[in-house]
1. Ordered by packing density, taken as the mean number of other Cβ atoms within 10 Å over each peptide's residues, highest first, how do B:144-150, A:662-668 rank?
2. Please report B:Lys66, A:Lys17 as a ranked list, fewest other C-beta atoms within 10 angstrom at the top and most at the bottom.
3. Work from the charge dipole of the protein assembly as shown (Cβ charges, +1 for Lys and Arg, -1 for Asp and Glu, about the Cα centre) and give the residue of A:Gly89, A:Val522, B:Leu86 farthest towards its positive end.
4. Within chain A, what percent of beta bridges assigned by DSSP are antiparallel, to the nearest 5?
5. Using a simple charge model, +1 on the beta-carbon of Lys and Arg, -1 on the beta-carbon of Asp and Glu, nothing else, what dipole does segment B:159-222 show about its Cα centre, in debye to the nearest 20?
6. Can you find, among A:Trp538, B:Gly189, A:Ala176, the residue farthest towards the positive end of the dipole of the protein assembly as shown? Put +1 on the C-beta of Lys and Arg, -1 on that of Asp and Glu.
7. Just tell me how shielded A:159-170 is by partners: mean number of partner chain Cβ atoms within 10 Å of each residue's Cβ, no decimals.
8. Which net charge results when you count Lys and Arg as +1 and Asp and Glu as -1 among the other residues whose beta-carbon is under 13 Å from that of A:Leu512?
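Coordinate-derived values only; no laboratory data. Keep in mind that what you see is a predicted model, and the values were worked out from it rather than measured. Methodologically, a virtual Cβ is constructed for each residue, glycine included, from the backbone with ideal geometry; neighbour enumeration extends over all protein chains shown.
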Amino acid sequence: MADYHWPPAEKRSLIGKRISRIDGPWKASGRAKYSFDVNRPGMLYGKMALSPHPHAKIEAINTSVAEKMPGVRGVQLILEPGNEVMWVGQEILAIAADTEEQARDAVRAVKVTYTPLPFFAQEVEPSKAGQFTKVTGEVKAGDPDAAFKEVDVVHEGTYGIPVIAHCCLESHGLAAEWSGDNLRVWASTQGVSTIAGDLSTALGHNGINVSASKIEVITPVMGGGFGSKFQSDTWGLACAQLSKKTGKAVKMLLERDHELMVAGARPSMHAKIRVGAKKDGTLTVWDSETWGNNGTVAASPPQLPYVIIPPNRRTAYTAVLINMGPTRAWRAPNHPQLCALTLCALDDLADKLDMDPVEFLKKNLNLTNGRAQDYAAELDKAAELMDWKSKWHPRGDKTPGHIKRGVGVSLHTWGGGGGPSNCQCVIQPDGSVTVSLGTQDLGVGTRTVVTMVAAETMGLPLEGVTANIGDSKYPASGPSGGSTTVGGVSSSTRRAATNALNELLAKVAPSLNATADQLEAVGGRIQVIGDPSRSIDWKAACAKLAGTPITAMGQKQNPRDDLLSSGVGGVQMAEVSVDIETGIVKVEKMVAVQDVGLVMNLKLAESQVYGAMIMGVTYALYEEKLMDSQTGQCLNPNMEFYKLAGINDVGELVVHMMTGPGYDERGPIGIGEPPVISPGAVLSNAVANAIGTRVPELPLTPANVLAALSKV
Amino acid sequence: MPKRDKTHEHESENSKEKKALGRRAFVKLIGGTSVAVSAAGVLAGETLLPKQAEAAPAEGNPRRGKVIGPGAVAITLHVNGEEKKLSVEPRVTLLDALRDRLDMTGAKRVCDRGTCGACTVIVNGKAVYSCTVLAVDAAQSGADIQTIEGLAPEGQLHPLSQAFVDNDGQQCGFCTPGFVMAAKAYLDGHPHPTYDEVKSALGGNLCRCGTYMGVRRAVVQAGGGGPVPQGGA
């Protein structure tokens, strides 16, 4: 049984270093082919007719005019008459035509008759939502009522964080092409190995029997998912049906308005929160009445409070049911909302206690489920990088003028770990090495990391290994969600590469008068451990394979895998300036301190954190999916009014990864999600520190800031 | 800034401003295209590329010029120094002509209405949102179109693209070609930008993954500037 472990720091030549992403040249030259870019011979373009009603019964669908329009090759009903639509933008049918313009024309010529039904599209508290609510329960621990009688200070406030969209730049969808009974799809997906099964099932329900093993999913690159691209979806099924029907390749990716209306939303969360502490800052009790919009489906009660969990607590939750496109997992599902509600309420409590919030958090780190030491170290590091002690002041910047500065702090946690993963490693007699995995690179660097792991294991330079990923024909790996990709693929790749190398060492050992376990692969050679004088060049070693390649497999172990672990913490701080005349918030500086176990590639890990902070600035300051209560329409399904932060909006960003002893031993854990959790809380807290009052609702738009100031 | 109205052509004496028509001005002007596009055809001469605007008669009969479309018309686009012959309906944007007809898919369609910059190409030396230009206009004015595919031969990397790689100015990479082309147009006129100047120059491009730190470092590197600290503002 081979011994699998990560090399110690002094023996790592690639792992933990700053290495440029290996598919970078492909992307930066514009030659990377996304699903959106696929052009197959004779390919048709699919477009969909969408419901204009937030709730209605479909009475009749007339496609007779559309079918005769120029270029139209196929029509596929998605909803039959008699069905109900539940949100604006729900798909009714799809049409394939020779050009995109012809497909759009044909969709416009479809006549759908509806009977409108009652709907609700107002983001209001449950008492104002009438029948469109559902109480989903209460979570209770300890004795909150008794605890409130024993505390010295109680703070009560309301907080909220709105629905936002994923707004992936590459919209959802795929291109499909049948060849006999086999189907190939170029899908913009987070689950290369998993959506074939999903699509096979969906096709089967619609009379097209194709086993998952006859569906190849091809996704060499994809343009953003953030949790919204795990299924083949309504449009994926319709696209494959149209391709079958027309006998041609069909590409159907969503138009931008459709993307923003239906292809991903993060649920809102609002709360009336009461918290109590002793005079010395010890938090003992939490009580929250929460409500939120999770679309037409009720969410379960949130796990509040977040990270800092006092012994006495109660959370009640009521869902407000809104006729809005469905919600989907959004990068660190629920955590940004829970974090914003909790860390803002605790920040207000610290203010009421006249405490520096960093001191308040430190006082209560024993309530963090065993992460107290990590958080303490991270708070100290963040404070140093922010120069917190000289920048923090009691609430309200008292300096004259209309520009007020303030700082805020927050902390977060995430699980991560490793998803399922299988890797095949092949060493060819010519010395070339491939690792193949049915995983995907969403832009986080998966392709680079598996290449690094294999090369490190073989003692080869990065160029010595080719990684094959992004295709379901390779050994299955799990979907990329929950920050579990790097853990899973690193483990399976390390194991496969170790197994392959061990076979090679056994072949080579006799020529070095040694046994396989006395050998190591280092610096492009195989040598007796610690003795370069008894070595053989990598190519010469592989030549001993006598024409037969080595093929070895590696699998991420379940349930426990010694190569990785789960559970991370992180601290962020922000400094803002707020113009109290215009309400405009400017991010001056943000600091992120993050632990993530063994950092595989420092450069790409830092990129993930920078990116998460920027995405965080975006949702803290700008993003909100606006629904019109009168019509049920999404008011901003475009990128002028659904705003993303630009390069000018993000201020100075400082990232510090916690690495070295105490962190490396944990193995790779996953970095995509944790750093996106705190920005809402940290920026709201910084604004409160600057202007002297809480802006209760995100985003921190001028309107929300001025509304808060007007109440002071 | 000239507004897109009938007085626009009267401002031809202000040729300096027209020649300097940058991307912002261009996009501002584009609001007027809907008039031309929503009609059955497109009025030749009623176009927005600077060359064409200057060539237009000063006094305006809005129905002047030759009507083309609504069916497909044969056009020639000058892309990366080559003549590309294709057939498009007059309503087809330069972006969709490049992507759907010429399989030049480096420029991406994201917002499709002049907001995000993912479709940025260089037209007559200026960064332009190709989703806001009609292919027939680009053809009629003989515009010199540069796309990211023309930066370097396949298999080779332009130094600016290399700088994006070196500084990790990309994640999913979908916005990256737009950033590279916007940066290229900027560097052509401002060869040695500072870190802050880059920030102003690339305000017309949006990224969802949040790659702005790497993008800024990349453009400074490509301009021969010294190393920029990680994360520095």
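1. Values: B:144-150: 22.6, A:662-668: 18.7.
Going from most to least packed, we get B:144-150, A:662-668.
2. On the way: B:Lys66 10, A:Lys17 14.
Result, fewest neighbours first: B:Lys66, A:Lys17.
3. Final value for the positive-end residue is B:Leu86.
4. On the way: 99 of 127 bridges.
Here the share of antiparallel DSSP bridges comes out near 80 percent.
5. Details: 5 positive and 5 negative charges, 30 e Å.
Charge dipole of segment B:159-222: 140 debye, to the nearest 20.
6. Result: A:Ala176, furthest along the dipole toward the positive end.
7. Values: counts 0, 0, 0, 0, 0, 0, 0, 1, 5, 5, 15, 9.
That average works out to 3.
8. Once positives and negatives cancel, what remains is 0.
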